[in-house]
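Written out below as structure tokens is the structure these notes cover.
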Amino acid sequence: MSEAKKKSRLEIGELAIRSVVGSWKGPNPAVACEAAFKLGQITDRLSDYDRTNNVLRVNFAANKVDEAYWQDVRDAFANGRCSEIKLSDVWQRYAPTAANDNHGFDVTWFDDVNESVTKEEIVKGFLGAGEFSLFVAKPGTGKSVLLCDIGCHIAAGTDWHGRKVKQGLVVFFAAERKGLTERRVAAWRKKHGVSGIPFVVVGGMLDLTSGLIDAKALASSIRTLEAKCGHGCNLIIIDTVTRTFGGGDQNASKDMQRYIQSVDELHRATGAHVAAIHHSGWEGDRGKGAIDLDGAIDVSFGVTASGKGESKSFVLECTGANDGNEGVITAFRLESVSLGKDADGNETTAPVVVPASVTPNDGSNLKGNTAKAQESLRAVIAEEGQSPPAGSPGFPEGVVVAGRDAWRNRFYTDAWAKEPKAEEATLSRRFRRAVTELKEGGMVGECGQMVWLDMDNPGHGQN
């Protein structure tokens with residue numbers, strides 16, 4: 001390139017930069033992202049990288065844009081350079097519309113609150129209308145099969161595990177293994193002998209962290225489905241959180257907040273309950289990622305499995321609720337249904353949910369050190385248990401308690417009676433693990449240094 005052409009290009013570039021900077025006024029992050037995108041378009045063609053990058057940083061500071069938006073601005077700048085998106089996409093990706101989306105705020109005066117209003121539910125005592133629930137468990141615990149079963153019962157208008165349902169359209173968004181989900185639906189249809197119910201399996205890409213555009217698109221599709229089947233949408237199942245998280249980082253609070261905003265958009269646009277399936281880590285029972293998700297949900301559920309093969313069973317438990325009871329919801333097992341054979345005689349099957357009895361949480365199913373720790377606590381309470389002073393906070397009414405130290409010492413004494421050479425460090429590890437299992441199973445209560453046997457939690461022994 002001749003020096004004259006190079007000089008002309010740089011002069012045009014400077015004019016373009018001034019034009020962009022001139023329209024960039026104030027701290028609005030949306031305006032900052034738009035300006036950054038335009039500067040990115042100028043870079044390499046009309047200006048060198050160092051020049052535009054410096055202009056971006058200087059004007060970001062000069063306009064006093066919140067530093068929290070710097071990465072968004074940098075992303076917009078990078079997208080402008082590589083031209084992966086259009087300028088019209090910038091506002092959707094980096095600067096979504098106001099939270100109320102110009103629909104105004106919903107205001108109710110104090111005296112207008114309806115005292116007799118009752119909570120509307122789509123499954124009695126289980127799922128509330130228009131809420132956000134999270135089903136969290138480790139892989140292989142039947143989460144997706146269970147949600148398919150719940151959804152099919154709602155679509156069919158038939159009781160689910162003895163609970164009344166509100167019939168309506170159910171949308172199962174299978175972001176992973178859509179074909180497998182369809183086979184499960186086919187198995188449920190064959191098992192229950194029904195047809196023509198408003199249940200749809202939807203596949204494709206769904207990104208709930210890059211603005212609201214995908215949430216709005218799904219809501220629009222749901223409105224079309226409602227018109228076609230004549231039923232309002234009662235339940236949207238998202239399988240899974242991870243597969244609909246787009247390019248965001250689940251451990252980043254800002255990205256998780258964007259995911260929650262998309263779920264809120266689905267609520268606003270459809271009024272449906274949104275049930276998201278999520279994986280827990282290999283340690284613990286909470287969902288992976290930023291804790292913001294835990295704070296946004298109305299109710300959370302966990303699924304645990306026990307046994308192997310045909311005897312394997314599962315327990316669904318409410319692990320947290322804003323305005324409901326926690327505890328065991330139901331138990332189930334999986335039954336294999338044959339869907340046919342191929343030309344080589346190989347059979348295709350899919351699982352369906354069938355109810356099972358919940359194992360009573362009375363300690364009769366405990367084994368090993370956990371059972372021994374429970375017996376040690378029972379013995380200590382029988383010998384030296386006492387009632388807390390009347391009105392003491394944190395203690396159930398009528399409970400008999402013992403000190404945690406006394407419990408531990410009794411556990412050691414009982415163990416040494418059978419294993420005189422057992423080291424104290426070994427017994428300490430056994431005791432800690434046993435206490436954790438008893439507390440997680442709801443069989444032991446604790447307040448400060450006092451403990452008690454807790455056999456009567458809601459849901460134990462419920463069918």
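Details
- Residue-level analysis places residue 158 among those that are surrounded by fewer than 21 Cβ atoms within 10 Å (Cβ to Cβ), more than 21 Å from residue 302 (Cβ to Cβ) and at pLDDT 95 or above.
- Each residue in segment 166-187 was checked for being open to solvent by 10 Å² or more (accessible area, probe 1.4 Å), small (Gly, Ala, Ser) and not in a helix (DSSP H, G or I), and 1 of them qualify.
- Per the listing 423, 419, 375, 446, the residue uniquely touching a helix residue (DSSP H, G or I) at 6+ places or on another chain (Cβ under 9 Å), more than 30 Å from residue 304 (Cα to Cα) and surrounded by fewer than 19 Cβ atoms within 10 Å (Cβ to Cβ) is 419.
- Residue within segment 269-289 that is within 30 Å of residue 67 (Cβ to Cβ) and modelled with pLDDT of 90 or more present: no
- Among the residues of segment 66-86, the ones that are open to solvent by 10 Å² or more (accessible area, probe 1.4 Å) and either outside any helix (DSSP H, G or I) or of a type in the set (A, V, I, L, M, F, W, C) (or both) come to 9 in all.
- Condition broken by residue 209, with the remaining ones in (1) in contact with a helix residue (DSSP H, G or I) (Cβ under 7 Å, 6 or more places away or on another chain); (2) farther than 26 Å from residue 250 by Cβ; (3) surrounded by 19 or more Cβ atoms within 10 Å (Cβ to Cβ) satisfied: (2)
- Residue check for residue 290: open to solvent by less than 20 Å² (accessible area, probe 1.4 Å), in a loop (DSSP other than H, G, I, E, B), touching a residue at least 24 places away in the same chain (Cβ under 8 Å) and in contact with an Asp or Glu (Cβ under 9 Å, 6 or more places away or on another chain): yes
- Candidates 44, 89, filtered to the one that is modelled with pLDDT under 85 and over 32 Å from the mean Cα position of the chain (by Cα): 44
- Residues of segment 10-47 satisfying the condition of being open to solvent by 50 Å² or more (accessible area, probe 1.4 Å), closer than 16 Å to residue 58 by Cβ and not polar (S, T, N, Q): 14, 18, 25, 27, 38
- Restricting segment 92-127 to residues that are of a type in the set (Phe, Trp, Tyr) and at pLDDT 75 or above, the residue that is nearest to residue 57 (Cα to Cα) is 109.
- Of the residues in segment 236-252, none is within 26 Å of residue 161 (Cα to Cα), of a type in the set (Asp, Glu) and modelled with pLDDT under 90.
- Count - residues of segment 320-332 that are open to solvent by 70 Å² or more (accessible area, probe 1.4 Å) and either assigned to a strand (DSSP E or B) or among the basic types (Lys, Arg) (or both): 0
- Counted residues, segment 48-57 - those being surrounded by fewer than 20 Cβ atoms within 10 Å (Cβ to Cβ) and under 25 Å from residue 8 (Cβ atoms): 6
- Residue 340 vs. criteria under 21 Å from residue 183 (Cα atoms), surrounded by fewer than 17 Cβ atoms within 10 Å (Cβ to Cβ) and either within 19 Å of the chain's Cα centre (by Cα) or at pLDDT below 85 (or both): no
- Selection from segment 232-247 of residues that are under 24 Å from residue 149 (Cα atoms) and surrounded by 18 or more Cβ atoms within 10 Å (Cβ to Cβ): 233, 234, 235, 236, 237, 238, 239, 240, 241, 244
- Remark: pairs (first residue in segment 182-204, at positive phi; second residue open to solvent by less than 70 Å² (accessible area, probe 1.4 Å); Cβ separation under 9 Å; 6+ apart in sequence or on different chains) = 204/173; 204/175.
- Every residue from segment 153-183 that is more than 15 Å from residue 126 (Cβ to Cβ) and under 22 Å from the mean Cα position of the chain (by Cα): 169, 171, 172, 173, 174, 175, 176, 177, 178, 180, 181
- Sole residue being touching a helix residue (DSSP H, G or I) at 6+ places or on another chain (Cβ under 7 Å), open to solvent by 40 Å² or more (accessible area, probe 1.4 Å) and of a type in the set (Gly, Ala, Ser), chosen from 220, 253: 253
- Residues located in segment 110-139, provided they are part of a loop (DSSP other than H, G, I, E, B), surrounded by fewer than 16 Cβ atoms within 10 Å (Cβ to Cβ) and among the hydrophobic types (A, V, I, L, M, F, W, C): 113, 117
- Entry remark, segment 299-318: residues being open to solvent by less than 70 Å² (accessible area, probe 1.4 Å) and closer than 19 Å to residue 147 by Cβ number 13 in total.
- Only one entry of 151, 142 meets the criterion of being modelled with pLDDT under 95, out of contact with any helix residue (DSSP H, G or I) (no Cβ under 8 Å at 6 or more places or on another chain) and buried (at least 21 other Cβ atoms within 10 Å of the Cβ), and that entry is 142.
The values are calculated or read from the model by the stated rules, or taken from the named source; none is laboratory data. Since the structure is predicted, the reported quantities are computational estimates derived from the model, not experimental observations. Quick reminder, even Gly has a Cβ in these numbers, built from the backbone with ideal geometry, and neighbours come from all protein chains shown. Side chains are part of the model used for accessible areas, which takes the heavy atoms of the whole protein and leaves out ligands, DNA and RNA. Shrake-Rupley method; radii C 1.70, N 1.55, O 1.52, S 1.80 Å.
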